[in-house]
Amino acid sequence: MNHTPAKFFKKNGYCIINLFNNEIIENIKQEVNDKLNSFCKELNNNLKLKNLKNYHKLKITENDHKYFVKNSSRYIKLNSKIIKKIKLNKKFVNILKNFWGHSNTSITWVGSLEKKNSIKKNATAFRIAKPKPSSDVGGVHYDLPYGRQKVPNKDHKALVTIWCPLVGFSEKYTLKISPKSHIPKHSLSKILKQKKFLSPVFDKNYVKKFKYMRPRLKKGQAIIFHPNLLHGASYNRGKNTRVSLDLRIFNSKKVKF
């Protein structure tokens, strides 16, 4: 028997949805590409990226790369067409209405809580992961408390996340998730002490207790997942640079920025 998106999400903690068409994906890719080239100009290195999948081939230093991927500027604005596409997605609405009781959302980028102009509505972070294990990928984590204390860690109805790949759709590239790991209460004592990532990263011995998968996606598909779902440590096993969006969908009735 087929489950509705809401029932599948409730049972497994995630759901795959058809989010964007080819045109939107290509437009977003170009916008990310342009942003990276603007970083090149800021560094006066005279380099120009022509294709996102070849980012790892750019002859830049590790310090330059860190500049490109720092939290405070690694985002793009979302136009009204994209926002409408997300908010009117039938599976998305079905999930939120059953999970939250409504679908009133705020799509907000949070780069830092300590710096001015690092919280922007109708914007999203993009992520870059070069091939092979690297510092581009964080450990297994969940998305609460997001921004350390901005969203209460006991309120699992404060947000959901949508992970959407722009480059890299096979199991070698996609997000590693642990189905049904949203059900247990994860002890805060299992979280590592670190300041590199906004989201809490769990101890390796703890996360070994869970089973993981990396879904094969089609272009334009995305994974919407519960804030208590364990995910991450998604090393790029492919030959190209992986590029993806992290869309933070906040519950407008619970979270105010």
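The values are calculated or read from the model by the stated rules, or taken from the named source; none is laboratory data. Remember, it's a predicted structure, so these values are computed and weren't measured experimentally. Every residue, glycine among them, receives a Cβ derived from its backbone with ideal geometry; neighbour counts consider all protein chains shown. Just the protein is used for accessible areas: all its heavy atoms, side chains included, with ligands, DNA and RNA removed. Shrake-Rupley method; radii C 1.70, N 1.55, O 1.52, S 1.80 Å.
For (1) crowded, with 21+ Cβ neighbours inside 10 Å; (2) over 23 Å from K87 (Cβ atoms); (3) under 16 Å from the mean Cα position of the chain (by Cα), each residue gets a yes or a no:
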position	(1), (2), (3)
K190	no, yes, no
K209	no, yes, no
R214	no, yes, yes
K218	no, no, no
F225	yes, no, yes
R237	no, yes, no
D246	no, no, yes
F250	yes, no, yes
K256	no, no, no
Subset of segment 210-257, residues more than 18 Å from L96 (Cβ to Cβ), outside any strand (DSSP E or B), modelled with pLDDT of 95 or more and among the aliphatic types (A, V, I, L, M), comes to L217, L230
Within the set of pairs 6 or more residues apart or between chains, which connect a residue that is more than 22 Å from L88 (Cβ to Cβ) and free of Cβ contacts under 8 Å to residues at least 40 places away in the same chain inside segment 20-41 to a residue that is outside any helix (DSSP H, G or I) and not aliphatic (A, V, I, L, M) with Cβ atoms less than 6 Å apart? N37/K48
Going residue by residue through segment 25-46, is there one that turns out to be farther than 23 Å from T174 by Cβ and either assigned to a strand (DSSP E or B) or touching a Phe, Trp or Tyr at 6+ places or on another chain (Cβ under 6 Å) (or both)? yes
Please count how many residues of segment 28-50 are closer than 24 Å to P215 by Cα and open to solvent by 50 Å² or more (accessible area, probe 1.4 Å). 0
Name the single residue, out of those in segment 59-73 being in contact (Cβ under 8 Å) with a residue 12 or more places away in the chain and part of a loop (DSSP other than H, G, I, E, B), that is nearest to P165 (Cα to Cα). V69
